[in-house]
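A short worksheet on the structure shown next.
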Amino acid sequence: SSTTRQEEIRHLGYKFDQEVDRSLMVIDPIQARAFLKQALQHLGRLRQSNQNLFVPLVWATEACQDNYTEVQFALGFIALEKIKDMFGETKTLDKTSFAHLKQEIEEIVRKSVPNEAEQVLEKIPELSRKKLWRTLEEVLKDQNVAWKDLYPKESQIGEPTFLKTRNRLFHSSQDVEFGYLSDETLKVQVVLERLLLRILGWKGVDQVLPH
């Protein structure tokens, strides 16, 4: 509701410092009025098409303000995944095709590993979703958002390193070295900011560089 959004905006407002480091600002203050006008127009169009960018914007804002690098990375990546799901095609097959495939796989699994069949079959629904990077890459291409310039010494890199960092941080008990995680967090924030600006209709996307 509008009341909830007003309360959330007011909540975020209390966290802003009185003095702002202009070097950390994504939008030049001189262009702020033009950006806000354009961004609000695009937000309105998105809401009319049932695409609510409000939550990813809140997470992206919180990611920049938290004191812990792990939390910054996590919130930034969650915002990135939310946008990926909003604007990308996440399914590999249509329901009918996948239902036929699922039936064939179930028969093979039950014959091959009858004792472990139920555990294996629990993972089958995941086959209906594309690999995270495949969908995210499609969204970045559709929005004309660059990311390879963040790896100037690795011209042949196939996907951002922060995907593996996400898996280590989210799906394992491994620690991630602080310096490396800080660098990965900056990369996530840059890609996220570029993507948000592009969706909001702003042209100066490529000016967003690691802070």
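Worth pointing out:
- K91 long-range amide H proximity, modeled H, under 5 Å: K130
- Euclidean distance between Cα centres, the range 37-91 to the range 183-205, Å: 10 Å
- Spacing of the modelled spin labels on N167 and L101, each 7 Å from Cα toward Cβ, amounts to 1.9 nm.
- Karplus-derived 3J(HN,Hα), 6.51/-1.76/1.60, for each residue of the range 110-127, Hz, glycine and proline x: 5, 7, 7, 9, x, 6, 9, 4, 4, 5, 5, 5, 4, 8, 4, x, 5, 5
- Entry note, the range 63-156: relative contact order of 31 percent, from Cα contacts under 8 Å with a spacing of 6+ residues.
- Gyration tensor (alpha-carbon) shape descriptor, the range 45-127, a/c threshold 1.5: oblate
- In order along the range 103-109, the Karplus-derived 3J(HN,Hα) couplings, from 6.51 cos²θ - 1.76 cosθ + 1.60 at θ = phi - 60°, round to 5, 5, 5, 4, 4, 5, 5 Hz, and Gly and Pro are given as x.
- Accessible surface of the range 20-175 [probe 1.4 Å, protein heavy atoms]: carbon and sulfur percent: 51 percent
- Our coupling estimate for the range 156-163, obtained by passing each phi through the Karplus curve with A = 6.51, B = -1.76, C = 1.60 and θ = phi - 60°, is 9, 4, x, 7, x, 5, 5, 5 Hz, Gly and Pro reported as x.
The values are calculated or read from the model by the stated rules, or taken from the named source; none is laboratory data. Keep in mind it's a predicted model, so treat the numbers as computed, not measured. Cβ sites come from the backbone with ideal geometry, for glycine too, and all protein chains shown count toward neighbours. SASA here: full protein model, heavy atoms, side chains in, ligands and nucleic acids out. Shrake-Rupley method; radii C 1.70, N 1.55, O 1.52, S 1.80 Å.
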